[in-house]
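I have placed the structure first, in the form of structure tokens, so that the comments after it can refer back to it.
The values are calculated or read from the model by the stated rules, or taken from the named source; none is laboratory data. Everything numeric here is computed off the predicted structure, so don't read it as measured data. Backbone-built Cβ (ideal geometry, glycine too); neighbour counts: all protein chains shown. Remember, those area values only see protein heavy atoms, side chains included, never the ligands or the DNA or RNA. Shrake-Rupley method; radii C 1.70, N 1.55, O 1.52, S 1.80 Å.
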Amino acid sequence: MTEVKVDRDEHERKVVNEFCHLLEKSKQLFNGLRDLPQYGHKQWQSYFGRTFDVYTKLWKFQQQNRQILDLKYGLKRWQIGEMASKIGQLYYHYYLRTSETNYLNEAFSFYSAIKARAYYSKATREDSISGRPDLMVKKLRYYARFIVVCLLLKKMKMVRELVRELSRQIEDYTATYEPDDQLEWSLVLGEIKGFVEADNLAKVLDTDLNALVLTHRLSPLNLPPIEKGMPVPFTLQEILIIGNCAEQIKFSELTLDMYRMLQTFEREPQEEVSPQMFDQSPAPGRPPLVIRQDTDGRLGKRDNPHKYLLYKPSFSQLFVFLASGFKELPPGGAMCVYLSADGASGSGALKPSPDMAFDYGGISCSSKKEPEHIIKKPASIKDMHCLHPGDLYPFSRKPLFLIVDSDNSSTFQHMPNLFGQPLVILMSPEQVPSNIHEQRHRGNLFTLFLHSPLTAFCYVCGISEIHIELWDKAQAVIRKMFVEISRTVAHSRTLDTSYLQFYGDDFLRLVILRFIFCCNVVYLHRGFKGFTPLCQPPIPRDEFLDNVALHRYVFDLATMLNVRSQLQEESGVGG
């Protein structure tokens, strides 16, 4: 009996030691993730793989030895929750690195398992006894991260439930500890509530008048196919999404414009995830693959182009990410740069140069102000954190698709095509009607048109609620208009070849179609006199802006939604 007890004690000691070793190693690897460069595709993959491996072992080990760890290590449920939370974070960061939305489903499965199994339910009481507020902070951070994942998956019912729970947890936390970061957490809660409310511009109601949650990612339902025979010379591979609008609502370094645009450049994620690829249970499977392989062993293409999300970057940060995206472009790949930012004026003291590369300003990269010097800065010294059109010239050596949503967007209108590569620039109106300008904290109108054209149409026409039956009928009109635009593109003899070279890519085709829809709505709406989007190269007016067939679809849409009076009458277009 003594030998058996000794063997058992030795076995239990080894189990505890092995668990402590795996736990410490997992923490070291996880903490090391923040030291990896945020740009580039290859440097981080092996490190993520090792981290996933260790967490796989750690999770399975604690499952297989739970009884021993409970008795000899004192393993608590919140500690199991903390492991699962770290795995959820790994999947979320893997999504950020790869842009593959199915990894969001993986993060969601882990976070929701923590909630369902109440891993953190006793954390508050244990915190109070031990006097360790850091455990409660971990719980609050879990809620904030879970909310971000749910926002990206458009699980708004869960978002609202989590916001209520987070509010209660913050109240408990502040009442128990009176912490120094009380204001910080109150601001986080306020940001989340404001974000959810601001994104609700046009409610779609079901038959019981309940608000529905619709997604606007790419799907076969919202994109007409290209005509047979049209070439597909380039596909979108790299996207930089930059947000720097001072007054715009944001949450977790994600402005509303960034949030909308990142979804625009993603395919609708599949709810059912293959068990061979992703582990649905709250335990990590093998490290996810970045690019899948076909049956013959060749690398398959991405579902989504790779994205960089940059919130208020400095010029140097933005330039590094631009250079990285440019470097990573494969043959036949195109890069898109989306800028949602306040304008930065140029130097009036200098004589403008013919190409307008630097003297008319651009957009603001960062809101951080440089320290004021005692000697006043000469007028000839420009703002170092202004992104000028000329700064982007080097990156037009490869196919470049530029979207500028700013009150100084026209600065980019005269950007020359110096290298003969496809170059398209879509620019927002620099001004909008006052009633829309007053709501700019809820996101920019131009971006809304590129994200959800029907939501934008309802917004400019003052429609705050719409029933799902009418919504579906209106979407059908927009789809017909897109088919007509696509047919016009395919048969145009005057449209610049840059558009045709980008048109074969699903995402860029969708953006071009929505841009032309936006142009037609703005052109016909009475409230937008003189407020027009711009593009370079210009699109033929007679085919896309003065096209009676396209105007008829806009009028049909307005008639269907009972807002026809808001559109101007035009000869040859219905009365």
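The label-point distance for ALA116 and ASN17, in a model that sets each label 7 Å from Cα toward Cβ, rounds to 3.8 nm.
Residue by residue, region 185-194 carries 3J(HN,Hα) couplings of 6, 5, 5, 4, 4, x, 4, 5, 4, x Hz when phi is fed to the Karplus relation 6.51 cos²θ - 1.76 cosθ + 1.60 (θ = phi - 60°); x denotes Gly or Pro. Residues whose amide H lies under 5 Å from that of VAL337, counting only those 5 or more places away or on a different chain, are LEU240, PHE401, LEU402, ILE403; hydrogens are built 1.01 Å from N in the peptide plane. Spin-label model, GLU197/SER345: points 7 Å from Cα along the beta carbon direction are separated by 3.4 nm. Only helices enter this figure: runs of n ≥ 4 DSSP H residues, each worth -39500 (n - 2.57), summed and divided by the residues of the chain, yield -15000 deg cm²/dmol at 222 nm to the nearest 500. Magnitude of the Cβ-charge dipole of the chain, K/R +1 and D/E -1, about the Cα centre, nearest 20 debye? Dipole size: approximately 940 debye.
Determine the sum of side-chain charges near ASP405: Lys and Arg each +1, Asp and Glu each -1, restricted to other residues whose C-beta is under 12 angstrom from that of ASP405. Spell out each step's value before the answer.
Details: positive: ARG260, ARG440; negative: ASP257, ASP342, ASP407, GLU430.
For residues surrounding ASP405, the net value is -2.
Averaged per residue, the chain has 47 square angstrom of accessible surface, using a 1.4 angstrom probe with ligands and nucleic acids left out.
Nearest 0.05, what FRET efficiency do GLN431 and LYS57 give at R0 = 56 Å with Cβ-Cβ as r? Efficiency, from the Cβ-Cβ distance: 0.45.
Sparsely packed loop sites in region 5-90 (the trypsin sites (Lys or Arg not before Pro) outside DSSP H, G, I, E and B with at most 13 other Cβ atoms within 10 Å) comprise LYS42. Read through the labelled values [x] 26.6, 102; [y] 27.8, 111; [z] 30.1, 101 and report the label of the one computed as Rg and Dmax of the Cα atoms in Å from the structure. The listed entry that was calculated here is [x]. Helix 77-98 and the long axis of the chain differ in direction by around 30°, with both axes built from C-alpha atoms. Heavy-atom accessible area with a 1.4 Å probe sorts GLU569, GLU227, largest first, into GLU569, GLU227.
At full extension, HIS467 and GLN568 could sit 33.8 nm farther apart than now, given 0.36 nm per residue minus the alpha carbon distance.
Note on ARG66/ASP134: beta-carbon distance plugged into 1/(1 + (r/R0)^6) with R0 of 30 Å gives a FRET efficiency of 0.75.
Annotation: amide H of ALA344 within the under-5 Å range of GLY362, ILE363, SER364, sequence separation 5 or more or interchain, hydrogens built in the peptide plane. State the antiparallel share, in %, of DSSP beta bridges confined to the chain, rounding to the nearest 5. Here the antiparallel bridges make up roughly 30 percent for the chain.
What does the charge dipole of region 11-121 about its Cα centre add up to, to the nearest 20 debye, if the Cβ of each Lys and Arg holds +1 and the Cβ of each Asp and Glu holds -1?
Numbers: 17 positive and 9 negative charges, 45 e Å.
The calculation lands at about 220 debye.
Note: relative contact order over the chain, using C-alpha pairs below 8 Å and six or more positions apart, is 14 percent.
Only protein atoms count toward the accessible area here, which uses a 1.4 Å probe; on the chain, the carbon and sulfur part of that area reaches 52 percent. Toward the positive end of the charge dipole of region 134-177, with +1 on the Cβ of Lys and Arg and -1 on the Cβ of Asp and Glu, the farthest Cα among VAL149, LEU166, VAL137 is that of VAL149. Computed over the alpha carbons of region 1-76, Rg followed by Dmax gives 16.6, 60 Å. The distance separating the Cα centre of region 511-575 from that of region 379-428 comes to 27 Å. If R0 equals 41 Å, the separation of the Cβ atoms of GLN182 and GLU328 corresponds to a calculated FRET efficiency of about 0.45. In this entry, region 437-575 is assigned a mean projected area of 8.7 nm², taken as a quarter of its C-alpha convex hull surface. Spin-label pair MET230-HIS414: with each label point 7 Å from Cα along the Cα-Cβ axis, the two points sit 3.3 nm from one another. Over 27 Å apart at the Cα level, from the set LYS307/LYS398; LYS250/LYS307; LYS86/LYS157; LYS76/LYS115; LYS86/LYS203; LYS60/LYS138, are LYS86/LYS203.
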